[in-house]
């Protein structure tokens, strides 16, 4: 019940395209869903986060879509750029404040 | 730059040894979290401290321990090291308290056990 399932494992997108990464969770006690971006040799950087009272949150080219009934959420990267090439992690958290991370998606944006 | 600092950046040691990893949270943050990142296990939550007290525990081995000091910096102690302990260890911090979940990660410490 504590797992967060993330797909795909890897993704190749052309420059200017849309990158979509999906996550699913089981524990309905989760009420905080962040996305992190990690470059090689660096720590994960908080990208964008959503709470279950909204179905979508947009920050620049990054959008989270949230489906509470399906217990799924996704990250959309619009107009993907080579600089977006990184590993993306979804996570879920709740009252305990600890985050359960997905397994990560390696995104490569080809010029 | 998240404002979270970790030292050392790299650590190479032998099996059976003990090491200490250090973390300084962002200014004003009361909560510190430790995570382990390895290729086969991904990012795993180890332990959380809030204002000096242990708040939550994850998959932390008995050989590992942590503490948070009055100045809010934290240390993660790893003892009787095994080859499988080789990983990236991240510290994250957040303001803490109810409803404040944003966690900001440090640059990590890469531990290699030979």
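The values are calculated or read from the model by the stated rules, or taken from the named source; none is laboratory data. The model shown is predicted, which means the values in this text are computed figures rather than measured ones. Ideal geometry is used to build each Cβ from the backbone, glycine not excepted, and the neighbour counts take in all protein chains shown.
Here are a few things to note about the model shown:
- Identity of the residue in the range B:85-114, modelled with pLDDT of 95 or more and not in a strand (DSSP E or B), that ends up surrounded by the fewest Cβ atoms within 10 Å (Cβ to Cβ): B:114
- Residue in the range B:11-25 that is touching a strand residue (DSSP E or B) at 6+ places or on another chain (Cβ under 7 Å), within 23 Å of residue A:94 (Cα to Cα) and either assigned to a loop (DSSP other than H, G, I, E, B) or at pLDDT 95 or above (or both) present: yes
- Residue, surrounded by the most Cβ atoms within 10 Å (Cβ to Cβ), within the range A:24-59, restricted to residues that are under 15 Å from the mean Cα position of the chain (by Cα) and away from chain B (no Cβ under 13 Å): A:25
Every residue, every condition in (1) touching a residue at least 40 places away in the same chain (Cβ under 8 Å); (2) assigned to a strand (DSSP E or B), yes or no:
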site: A:24; (1), (2): yes, yes
site: A:34; (1), (2): yes, yes
site: A:41; (1), (2): no, no
site: A:46; (1), (2): no, yes
site: A:52; (1), (2): no, no
site: A:57; (1), (2): no, yes
site: A:63; (1), (2): no, yes
site: A:74; (1), (2): yes, yes
site: A:80; (1), (2): yes, no
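- Qualifying residue in the range A:64-85 (condition: within 14 Å of chain B (Cβ to nearest Cβ) and surrounded by fewer than 16 Cβ atoms within 10 Å (Cβ to Cβ)): no
- Each residue in the range A:96-111 was checked for being modelled with pLDDT under 95 and more than 12 Å from residue A:23 (Cβ to Cβ), and 5 of them qualify.
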